[in-house]
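J.: So that we are looking at the same thing, I have put the structure below in structure tokens.
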Amino acid sequence: MEFFLILGLLASAFGLVSAKRLSVLIGNFSLQSLLLAILTFVEAVNLGQLGLCIIALLVLALKVVIIPKILSNITKEIKVNDNLEFYLNPQLSLLMALLLTYLCWTFASVIFVESDAVAKMCGAVSFSMIALGMFLMIFRVKALAQIIGLLAMENGVFLLAALVLNGMPFLVEMAIFFDVFVGVVILGVFVYRINRLFVGIDVSKLNRLRG
Amino acid sequence: MELLIVLAVPLVFSLLGVISNSHKAQAKIIFLAYLLNVIFSISLAYRFLVSQQPLSLLHIFYADSLSIFFVFTISVVSFAAAIYSKGYIEHELAAKLIAPKTTKYYYLLFNLFVFSMLLTVMVNNLGLMWVAIELTTLVSAFLVGFHNSRNSVEAAWKYLIICSVGIVLALLGTIIFSYAFFLSSGVKSLNWTELFIVAKNLNPDLVRIAFIFIIVGYGTKAGLAPMHTWLPDAHSQALSPVSALLSGVLLKTSIYAILRYSVITNLCLGSAFSSHLFVFFGVLSLAVSAGLVLVQKDIKRLLAYSSIEHIGIIMLGFGLGGIMGTYGALLHIFNHAVTKSLLFFGAGNLVNAYGSNKIRSIRGALKVLPFTGFMVLIGIFALSGFPPFAMFFSELMILAAAFSQGNYLLGGFILLVLSLVFSAVLYQFGKMLFGEKPDHQPAVKEPFSIYLAFLFLLALILVGWSGLVNSLVQSVLITLKGL
């Protein structure tokens, strides 16, 4: 069960990289968060930890429902073109993603030498999610894709914390959720401002400050 | 108790400031707030120096000498920025650069920004420290983009995105540290004090990798090259009091985070590993800034690149280590904070008077703004490390550390960069300060609050190597050695 969920997370990260439209990107992110929420919930039940249970529910509420809703509202309100523009096309992106995943796998098997198979796998997938999220931020033109890339990176870190570490201290976890949520809202505000001042949300237009 | 008061003052007064709509009242409230803050942080420092015992509260707040040194630096610089804000915002209002209704948001964000920085250096839990640092980014992004112009929104976006990526990497480092702690003790915890006790038993491979993530992650926020790219944009577009806070103390809070982890890393791996990383990033930052200071056309960007240079010097000081290097680096943190704030205030006045931040449009500043011009001139010499200013001593110590360890190559490199940057800065500022003023340019008189802010910082620049700062630095040295 856990094994398939972790693989599903990796697949959804690839889905993010290969998406051609903004709506698909947001949908994929929502799916990734759903898998993460289920995985955390299963882990919480296995360990019998109430704190982790609440955190799984929070992931469900925040990252599966609320944040994707905010993001798709933004796309509707500013009538952004649904086509994601690329610095690197999806085919090449996928190839790069494969390469990155392989590197992350090697890296994880160095770090988690002493750990069990699930932890090792989990580490590898979480590093891949972080790397692919960063990849998305670098090679997509739209500002919203950068937000999703950032959130995908955060999902990767969350996976590591939830499964390898069985969750961080509850207070810290809550504070991090608060930060992520406020972060998305603030980034959203700036997306509106960029749209108004630069006519469109292509970050390639943000090139006035140099040197 | 003082711990809580120092933290609560900006938070409480941020709410008070919103009640009133008049800028005069808001400025009075903020002046009072930061006066209180400085007084309490000084009393905190004295009490600590007498007892030499770390203060701890509810297992959440924790302040040892390192924290208190940073609390003192943050309070002092925010006090100066609070005083300076009054005159600066008045000018912005008169020039219709910001709307009268928005001043209360400025003060609200200003207070929250200072609060989040103070929180960063006062929490024991490394996860909460991460949260506080992320909070500094989120709050200050609005202050960077306050003018809501194309340039400032671009700067704010880059600042948010680049620093958020950095901070996610730092979170990864935090988790790997916590995992290493879990493996060696079987308990989940992110408290620094607990990590510190078992530091010697942590898995060295994990610590090594985690520390690299930490230094890259928090280093992004500290403005270390090559992750510095957000810094010149954000510093140049922010309102000038905020530029002073960004450059003077925000960068330092990230250095604080790196230092916290380096204490544990050094206990686990010996000091060579972190030293090498510090020297690597320090040299890179110096090289980048030396190249780019020469070609700047914007006065605040010029100062921003000089901040990267000084962050590089601080990292080199910690990298060289020993008593001399560390002492110099700590002193340099304080000296750079006060000196660079003074220069950003000066730059703010110049930009306001000439209505442009292009270096070539600013001419004959000593005639247009005699007081500001004179202060900027002093600031330039202080920043370049001339005696009798405090920065002379800290730079001398770092150089002495390099030469006494027989590291002539590094020492020579630092000297070369210092002289390059000095000549570039003097050349650029010489053009702005001296010479004939443009014909249509009227002479401007600065308001009283601005005089006050400058004189306060000037006093600190002159005595920054003695008294309270010196005693604090000496007790930080003990903490950093891991005793």
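J.: Could you grab the relative contact order for segment B:2-480? Cα pairs under 8 Å, six or more apart, rounded to a whole percent.
T.: Over segment B:2-480, the number comes to 16 percent.
J.: Taking a quarter of the surface of the convex hull around the Cα atoms of segment A:61-179, what do you get in nm²?
T.: Directional mean of the projected Cα hull area for segment A:61-179 stands at 8.5 nm².
J.: Let me ask something else about it. Shielding by partners for B:150-162, please: the mean number of other protein chain Cβ atoms within 10 Å of each residue's Cβ.
T.: Neighbouring Cβ atoms belonging to other protein chains average 6 per residue here.
J.: Using packing as a proxy for protection, rank B:145-152, B:7-14, B:54-61 so that the peptide with the highest average count of other Cβ atoms within 10 Å comes first.
T.: Top of the packing list down: B:7-14, B:145-152, B:54-61.
J.: Counting only other chains, what is the mean number of Cβ atoms within 10 angstrom of the Cβ of each residue in peptide B:190-196?
T.: 1
J.: Computed over the Cα atoms, what is the radius of gyration of segment B:201-306 divided by 2.2 N^0.38 Å, N being its residue count?
T.: That ratio works out to 1.19.
J.: Let me ask something additional. Mean Kyte-Doolittle hydropathy of 1.0 or higher plus an axial Cα length of 30 Å or more: which whole DSSP H helices in chain B meet both?
T.: B:23-51, B:65-94, B:150-185, B:271-293, B:299-320, B:408-433
J.: Before I look further, what does segment B:2-480 give for accessible area per residue, probe 1.4 Å, in whole square angstrom?
T.: 31
J.: Here is a further query. Counting only helical runs of four or more DSSP H residues, what would the 222 nm mean residue ellipticity of chain A come to if each run contributes -39,500 (n - 2.57) and the total is spread over all its residues?
T.: Value at 222 nm, helices only, nearest 500: -25000 deg cm²/dmol.
J.: Find the relative contact order for segment A:1-73 and round it to a whole percent, using C-alpha pairs within less than 8 Å whose residues are 6+ positions apart.
T.: 32
J.: So how much accessible surface do A and B hide from each other in total, probe 1.4 Å, in square angstrom to the nearest 100?
T.: In total, this chain pair buries about 4300 Å².
J.: Provide a whole-number value for the mean count of partner chain Cβ atoms within 10 Å of the Cβ atoms in peptide A:188-198.
T.: The mean count of partner-chain Cβ atoms within 10 Å per residue comes to 4.
J.: Give the share of C-alpha pairs in each 5 angstrom bin for segment B:58-121, from 0 to the last occupied bin, in whole percents, shortest bins first.
T.: 4, 15, 21, 19, 14, 11, 7, 5, 3, 0
J.: How long is the gain from B:GLU436 to B:TYR408 if the chain were fully straight, where each residue apart is worth 0.36 nm and the alpha carbon distance is subtracted?
T.: Contour length minus the Cα-Cα distance gives 5.7 nm.
J.: Heavy atoms only, probe 1.4 Å: what % of the accessible area of chain B goes to carbon and sulfur, would you let me know?
T.: 71
J.: Two-decimal Rg/Rh of segment B:134-280 from alpha-carbon positions, Kirkwood Rh?
T.: 1.05
J.: May I pose another question? What nm distance separates the two modelled labels at A:LYS69 and A:MET96, each placed 7 Å from Cα along Cα→Cβ?
T.: Going by the 7 Å Cα→Cβ label model, 3.4 nm.
J.: Relative to the present Cα-Cα distance, how much length would full extension add between A:ALA61 and A:VAL45 at 0.36 nm per residue of separation?
T.: Going from the current span to full extension adds 3.9 nm.
J.: So, by mean Cβ neighbours within 10 angstrom, what's the order for A:151-163, B:244-256 with the highest one leading?
T.: Output ranking for A:151-163, B:244-256: B:244-256, A:151-163.
J.: Which of the residue pairs B:LYS86/B:LYS431; A:LYS79/B:LYS101; A:LYS63/B:LYS158; B:LYS96/B:LYS158; B:LYS101/B:LYS340; B:LYS24/B:LYS101 have a Cα-Cα distance greater than 19 Å in the structure shown?
T.: B:LYS86/B:LYS431; A:LYS79/B:LYS101; A:LYS63/B:LYS158; B:LYS96/B:LYS158; B:LYS101/B:LYS340
J.: Of the listed peptides B:339-346, B:391-398, what is their order by residue-averaged count of other C-beta atoms within 10 Å, with the highest listed first?
T.: B:339-346, B:391-398
J.: Taking the Kirkwood radius as the inverse of the mean 1/r across Cα pairs, report the Rg/Rh of segment A:153-211.
T.: Rounded to two decimals, Rg over Rh is 1.19.
J.: What aspartates and glutamates does A:LYS20 reach when the alpha-carbon gap must be under 17 Å and sequence neighbours fewer than 8 apart in one chain are set aside?
T.: Answer for A:LYS20, where 17 Å is the Cα cut-off: A:ASP82, A:GLU85, A:ASP202, listed by chain and number.
J.: Which value, in Å³ per residue, describes the convex hull spanned by the Cα atoms of the protein assembly as shown?
T.: Hull volume normalised by residue count: 145 Å³.
J.: What do you reckon, how do B:PHE70, A:PHE86 stack up by accessible area (1.4 Å probe), largest on top?
T.: A:PHE86, B:PHE70
J.: Quick one: Debye curve from the alpha-carbon atoms of segment B:2-480 only, equal weights, vacuum; give me log10 I(q)/I(0) at q = 0.09 Å⁻¹ to two decimals.
T.: -0.55
J.: Just the Kirkwood number for segment B:374-483, please: inverse of mean 1/r across all distinct Cα pairs, in Å, one decimal.
T.: Roughly 16.9 Å, rounded to one decimal.
J.: Let me ask something else about it. Provide the gained length on full extension for the span B:ILE5 to B:LEU294, in nm with one decimal, where the gain is 0.36 nm per separating residue minus the Cα-Cα distance.
T.: Gain on stretching B:ILE5 to B:LEU294: 99.6 nm.
J.: Assuming R0 = 41 Å, what is the FRET efficiency of B:HIS276 and A:ASP116, from their Cβ-Cβ distance, to the nearest 0.05?
T.: 0.80
J.: Can you sort B:LEU16, B:LEU224, A:LEU10 by 1.4 Å-probe accessible area, starting with the largest?
T.: From most accessible down to least: B:LEU16, A:LEU10, B:LEU224.
J.: Another question about this same structure. Using only the alpha carbons of segment A:2-205, what is the convex hull's orientation-averaged projected area in square nanometres?
T.: 10.7
The values are calculated or read from the model by the stated rules, or taken from the named source; none is laboratory data. Predicted, not measured: the structure shown is a model, and the values here were computed from it. Neighbour counts are summed over all protein chains in view; Cβ atoms, including those assigned to glycine, are modelled from backbone coordinates with ideal geometry. The protein model used for the area step is the full one, side chains on, heavy atoms only, and it has no ligands, DNA or RNA in it. Shrake-Rupley method; radii C 1.70, N 1.55, O 1.52, S 1.80 Å.
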